[in-house]
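What follows is a set of notes on a single structure, which appears directly below.
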Amino acid sequence: ASYLLKSVHKDFLEGEKDTLFKDAGNILNKITNSQYKAILPIDDLSTVDYKTVLSDGSKFETSKVLSRATKEQLFLSVRMSRIKEIEYKLPVIFDDSFVNFDISHLNSTIDVLIELSKTNQIFILTCHPYIIENINKKISNIGFYKIEKGELSPTTSKDLSDYLWRKEEVR
């Protein structure tokens with residue numbers, strides 16, 4: 001029984017490496033500007049963690065060695081890959097998922113979001129004006145809304161950005 005379980009486990013990991021993680025790896029490659037080229041499962045499936053392969057072929061055996069932003073990019077890539085696999089295209093909500101990304105990785109992530117927006121409606125929730133500004137630079141047909149004192153109202157990207165910058169100054 002132990003041999004069979006190990007064999008099934010090994011076959012599962014090999015199959016997942018070639019299917020499930022391929023698209024996630026491609027997304028991570030785009031987000032990290034080709035710094036990472038693949039995501040692989042770790043041997044212990046009871047742990048939520050991944051191996052990463054850098055562009056030079058070297059590997060990190062765990063995400064624990066990655067910076068916070070790179071970990072977030074890794075898990076975002078896996079999440080987006082899973083979203084793309086869902087047959088019924090549901091709306092997707094990202095709640096300040098990009099706050100720790102530098103501008104280069106934020107812009108690469110926006111490019112990936114543009115691709116996802118072709119099949120899914122996307123909502124991005126943020127209180128960070130630079131995220132609004134960078135999204136607005138790359139996407140023209142987008143709606144902006146402001147929530148103030150529980151009221152949701154349509155606005156422009158400039159008005160929303162100005163509003164959020166004023167809120168930042170108060171903090």
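The values are calculated or read from the model by the stated rules, or taken from the named source; none is laboratory data. Quick caveat: nothing in here was measured; it's all calculated off a predicted structure. Cβ: placed from backbone, ideal geometry, glycine included. Neighbour counts: every protein chain shown. Just the protein is used for accessible areas: all its heavy atoms, side chains included, with ligands, DNA and RNA removed. Shrake-Rupley method; radii C 1.70, N 1.55, O 1.52, S 1.80 Å.
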Of the numbered conditions (1) surrounded by fewer than 12 Cβ atoms within 10 Å (Cβ to Cβ); (2) more than 28 Å from Leu40 (Cβ to Cβ), Trp165 satisfies every one except a single condition; which is it?
-> (1)
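Can Val92 be described as over 10 Å from Ile31 (Cβ atoms), in contact with a helix residue (DSSP H, G or I) (Cβ under 8 Å, 6 or more places away or on another chain) and at pLDDT 95 or above?
On the way: over 10 Å from Ile31 (Cβ atoms): yes; in contact with a helix residue (DSSP H, G or I) (Cβ under 8 Å, 6 or more places away or on another chain): yes; at pLDDT 95 or above: yes.
The answer is yes for Val92.
Just the residues that are of a type in the set (S, T, N, Q) and either touching an Asp or Glu at 6+ places or on another chain (Cβ under 9 Å) or more than 20 Å from Thr109 (Cβ to Cβ) (or both), please, taken from the range 55-79. Steps first, please.
Residues of the range 55-79 that are of a type in the set (S, T, N, Q), as a first pass: 55, 58, 62-63, 67, 70, 73, 77.
The answer is Ser58, Thr62, Ser63, Ser77.
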Among (1) open to solvent by 80 Å² or more (accessible area, probe 1.4 Å); (2) within 27 Å of Lys137 (Cβ to Cβ), the one test that Gln73 misses = (1)
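Among the residues of the range 103-113, is there at least one that is open to solvent by less than 90 Å² (accessible area, probe 1.4 Å) and over 21 Å from the mean Cα position of the chain (by Cα)?
Here is the first cut: in the range 103-113, the residues open to solvent by less than 90 Å² (accessible area, probe 1.4 Å) are 103-113.
From what's left, over 21 Å from the mean Cα position of the chain (by Cα): none.
No: zero hits.
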Some residue of the range 24-38 being at pLDDT 95 or above, of a type in the set (Phe, Trp, Tyr) and closer than 30 Å to Asn134 by Cα | yes
